[in-house]
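**Student:** Here's a structure for you.
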């Protein structure tokens, strides 16, 4: 056995190091689990709607009986939009553009079965739609139009139509592969287009096409460029802000309230996860403190031995190394076990996630692992520096 | 390293002392290689302090100590490590052995660092000093006289230009004292090194080139 280690392991207190080990293990596991849980839950929210961030609100004017009787317009005027845009809680405002021409869509499921329906298109500025720009856009003259459908349509088909007729249920993936025949008509013209479904949105209760296409089609088929918007899409900096609710009430506007709740939930979840991770971090910091105290005590108890080693020609670096390796070894072991523990717990909740959300795609654990390794490196560097400086204080003994 | 010069070196505790009679403190003294010195001292005259200053262990002195003209007060950690491994050897009065290790391990811990002596050479020294049977005994279970001999062997397990031995035979009989003297001078001669022996009374009988009164 290495003689230096044989000397320096004297006075190592197993209970102290075990205390550090378990405290750090608990702290590290909580941090990793918190981080991974957050990543996993984010994936749920994102899989629910990948085109719209949670911080977007869709606002329209309240339609009451009075509106219908008086014929008061439900469209937003320019001053109203400007006023909204100037509110502090608003980051940006986008206008919904509606189609001013006829739209008829035909869904061909298999030979003989097809749906055909009159419908409408809407568009919002592209920066509000989170789809790769290659997928979302329109080349004038092309007969292919990307479309985002409301998820309700799929549910309506799956749980209503298909259920009652004993037809197979469709997943988003299959449906995206199906082409949609679209007929546009206006100003005496009628053309056929092919709709390509790029996704489903549970937040946008409308059939969305790219802004570019909408602008062109409105002019081409309806001879108009602008249609007064009846809905606005608004990015806010904090969806839980009370000022939003009061502003909407004051102006008699409505929003997709449950989505506001959903974003409140994400916000709360984020805070809870942050608190849990904070607790983990505090435990880890305390355990780091225990480790440093243990090592300091150990160095103190073995100071004569360390001094003698230095005097017979051992360098401070060489003398520090056994303790540095000991702490690094413990840190690595803690990280390894914490990762295993995190994965074990994750497996349990992932099963639940998958049963609740069939479309749930398991996110990778790379970020969490990376964070764990970063933490390990930072803590180990601090350990190494602290031990070396403690040994140096023996070297430079105060006379 | 060719020479060690003490330039008006004086322990700080002696600064206030008037009429200090010393051939070392506050004088200019030069130790050269291949020569034998005896520093004789009474108790409390700073004999061990002198060793500590030269070994870079303590710095509570005035004046300067020069190794080949370089002031040791400015040496960096890495320089001292190198000096303690390759240029200077010191047999401490308090020995500074590790009681948890055996006699052989105490020597090995140094020899593994320097790789200076063969195992056979070390065993021969143990035999010559009459402690071969104690080779694998824990230092803590050995008498001070036996420990002194182990410490001497350890001090010889490195290359050196100067070797300082601080009261090396205080607990040894005449025969063992003589053997210590022989081993010390033989190894110093082999390495072409200077030897500085300190003593407060009983000292090794050698042909000293210079005797200094501390």
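The values are calculated or read from the model by the stated rules, or taken from the named source; none is laboratory data. Only a predicted model underlies this, so the values are computations on that prediction, with no experimental measurement involved. No Cβ is skipped: glycine too gets one built from the backbone with ideal geometry, and neighbour counts run over all protein chains shown.
**Student:** Could you check the range A:311-320 and list, in sequence order, the residues that are more than 7 Å from every other protein chain (Cβ to nearest Cβ) and either surrounded by fewer than 20 Cβ atoms within 10 Å (Cβ to Cβ) or not in a helix (DSSP H, G or I) (or both)?
**Tutor:** Scanning the range A:311-320 gives A:317, A:318.
**Student:** So which helices (runs of 4 or more DSSP H) are wholly in the range A:159-259 and hold at least 3 residues that are assigned by TED's automatic domain parsing to the domain that holds residue A:140 and in contact (Cβ under 8 Å) with a residue 60 or more places away in the chain?
**Tutor:** The helices (runs of 4 or more DSSP H) meeting that bar are A:211-222, A:242-250.
**Student:** If you take the residues of the range B:155-170 that are over 25 Å from residue B:44 (Cα atoms) and not in a helix (DSSP H, G or I), which of them is farthest from the other protein chains (Cβ to nearest Cβ)?
**Tutor:** B:161
**Student:** Determine which single condition residue B:193 fails, assuming it passes every other condition in (1) out of contact with any helix residue (DSSP H, G or I) (no Cβ under 7 Å at 6 or more places or on another chain); (2) closer than 22 Å to residue B:88 by Cα; (3) within 14 Å of chain A (Cβ to nearest Cβ).
**Tutor:** Only one criterion is unmet by residue B:193, namely (3).
**Student:** Right, here's the next one. For residue B:140, only one of the following conditions fails: (1) surrounded by fewer than 18 Cβ atoms within 10 Å (Cβ to Cβ); (2) touching a strand residue (DSSP E or B) at 6+ places or on another chain (Cβ under 7 Å). What is its number?
**Tutor:** (2)
**Student:** Within the range B:81-115, how many residues are more than 7 Å from every other protein chain (Cβ to nearest Cβ), touching a helix residue (DSSP H, G or I) at 6+ places or on another chain (Cβ under 8 Å) and buried (at least 18 other Cβ atoms within 10 Å of the Cβ)?
**Tutor:** So the count comes out to 14.
**Student:** Yes or no: residue B:50 assigned to a strand (DSSP E or B) and more than 10 Å from chain A (Cβ to nearest Cβ)?
**Tutor:** It is false that residue B:50 is assigned to a strand (DSSP E or B) and more than 10 Å from chain A (Cβ to nearest Cβ).
**Student:** Here's a follow-up. Of the residues that sit in the range A:373-399 and are within 12 Å of chain B (Cβ to nearest Cβ) and under 22 Å from residue B:60 (Cα atoms), which one is modelled with the lowest pLDDT?
**Tutor:** Filtering first and then ranking leaves A:399.
**Student:** A follow-up question, please. Residues being in a loop (DSSP other than H, G, I, E, B), within 24 Å of residue B:130 (Cα to Cα) and in contact (Cβ under 8 Å) with a residue 40 or more places away in the chain: count how many of those fall in the range B:171-206.
**Tutor:** 2
**Student:** Assess whether residue A:304 counts as being within 14 Å of another protein chain (Cβ to nearest Cβ) and either outside any helix (DSSP H, G or I) or surrounded by fewer than 18 Cβ atoms within 10 Å (Cβ to Cβ) (or both).
**Tutor:** For residue A:304, the condition - within 14 Å of another protein chain (Cβ to nearest Cβ) and either outside any helix (DSSP H, G or I) or surrounded by fewer than 18 Cβ atoms within 10 Å (Cβ to Cβ) (or both) - is met.
**Student:** Looking at A:386, A:371, A:344, which one is closer than 14 Å to residue A:34 by Cα, in contact with a helix residue (DSSP H, G or I) (Cβ under 9 Å, 6 or more places away or on another chain), assigned to a helix (DSSP H, G or I) and in the same structural domain as residue A:15 (by TED's automatic domain parsing)?
**Tutor:** A:371
**Student:** What number goes with the only condition from (1) in contact with a strand residue (DSSP E or B) (Cβ under 9 Å, 6 or more places away or on another chain); (2) under 17 Å from residue B:161 (Cα atoms) that residue B:70 does not pass?
**Tutor:** (1)
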